[in-house]
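Below is one structure, written out as structure tokens; the observations come after it.
The values are calculated or read from the model by the stated rules, or taken from the named source; none is laboratory data. This one's a predicted model, so the numbers in the text were calculated from it and none came from an experiment. Note that each Cβ is placed from the backbone with ideal geometry, even for glycine, and that neighbours are counted across all protein chains shown. Heavy atoms of the whole protein, side chains included, go into the accessibility calculation; ligands, DNA and RNA do not. Shrake-Rupley method; radii C 1.70, N 1.55, O 1.52, S 1.80 Å.
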Amino acid sequence: MTPSELRDALGANSWLDEAIGRIRKDPAAIGGLFPAAGRRCGRGSVAPGWTADEAARALMLVEAPVEAETLYRYGDADEKRAVLRAMPLLAGHDDMVSVLNDALRTNDTRLVAAALGPCATVLDAAAWRQGVLKCVFMGIPLTAVHGLRERADAELADMLRAFAREREAAGREVPADARELLDQLGA
């Protein structure tokens, strides 16, 4: 979604308008406003895949993209997810690979899924493959992985094949979407 689509989806919110105005004047003001978005804008769904607090935080970040990494580092899980979701809207998000790598090291399924969304295009192939395998291991549906069909390659197929053999040897099922991807890859 674009920033204007997110703003339209949120509807009228004077607190958010004031917050964005403050951030435009002083980008560092986002530090005190970003955590309040959940309380001031709500957490309900406003657009497919977006909650109100995520959309509000994304709009704030568009005004102060240089603060994104700091907000991620010191934020709670909801704030971190909002930074990850907002990354494709931010100029210079290519410099935030360390944030994506950090999210992929967590055991929070919401952060892992968000890190493999549209912002994952900046991940190198090895990190991206590890992220996909982590999704399979954690039970995150592969539909969460942006560009999966386009980026999947023989090396990912080898990794998934090894994972499937281990699961089968342990008497455990292989997720259906992983099997489907293996079939697509001819593995």
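The C-beta contact set for region 133-161 (first residue among the acidic types (Asp, Glu), second residue modelled with pLDDT of 95 or more and open to solvent by less than 40 Å² (accessible area, probe 1.4 Å), distance under 7 angstrom, 6+ apart or interchain) comprises Glu155/Arg129.
Inspect region 138-150 for any residue being open to solvent by 40 Å² or more (accessible area, probe 1.4 Å), at negative phi, at pLDDT below 95 and within 12 Å of the chain's Cα centre (by Cα) and give the result as yes or no. Checking region 138-150: not a single residue is open to solvent by 40 Å² or more (accessible area, probe 1.4 Å), at negative phi, at pLDDT below 95 and within 12 Å of the chain's Cα centre (by Cα). Going through (1) in contact with a Ser or Thr (Cβ under 8 Å, 6 or more places away or on another chain); (2) in a helix (DSSP H, G or I) one by one, His146 falls short only on (2). Within the set Val136, Val174, the sole residue that is outside any helix (DSSP H, G or I) and under 27 Å from Gly49 (Cα atoms) turns out to be Val174. Candidates Arg85, Arg105, Arg81, Arg73: the one that is in contact with a Leu (Cβ under 7 Å, 6 or more places away or on another chain) and open to solvent by 20 Å² or more (accessible area, probe 1.4 Å) is Arg81. Only one entry in Gly21, Gly11 is at positive phi, open to solvent by less than 60 Å² (accessible area, probe 1.4 Å) and over 20 Å from the mean Cα position of the chain (by Cα), namely Gly11.
Residue check: is Gly32 open to solvent by less than 30 Å² (accessible area, probe 1.4 Å) and of a type outside the set (A, V, I, L, M)? Answer is no for this residue.
For (1) modelled with pLDDT of 95 or more; (2) under 26 Å from Met138 (Cβ atoms); (3) among the charged types (D, E, K, R), each residue gets a yes or a no:
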site	(1), (2), (3)
Pro3	yes, no, no
Ile20	yes, no, no
Gly32	yes, no, no
Leu71	yes, yes, no
Asp78	yes, yes, yes
Thr106	yes, yes, no
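Only one of these conditions is not met by Ala82: (1) under 15 Å from Met96 (Cα atoms); (2) more than 16 Å from the chain's Cα centre (by Cα); (3) hydrophobic (A, V, I, L, M, F, W, C). Which number is it? All conditions pass for Ala82, except number (2). Only residues that are touching a residue at least 24 places away in the same chain (Cβ under 8 Å) and in contact with a Lys or Arg (Cβ under 9 Å, 6 or more places away or on another chain) were counted in region 50-72, giving 13. Against the test of being closer than 22 Å to Leu100 by Cβ, modelled with pLDDT of 95 or more and surrounded by 19 or more Cβ atoms within 10 Å (Cβ to Cβ), the options Ala52, Ala58 yield a single qualifying residue, Ala58. Based on what the data block shows, is Glu173 of a type outside the set (Lys, Arg), touching a residue at least 12 places away in the same chain (Cβ under 8 Å) and open to solvent by 40 Å² or more (accessible area, probe 1.4 Å)? When the stated conditions are applied, Glu173 does not pass them.
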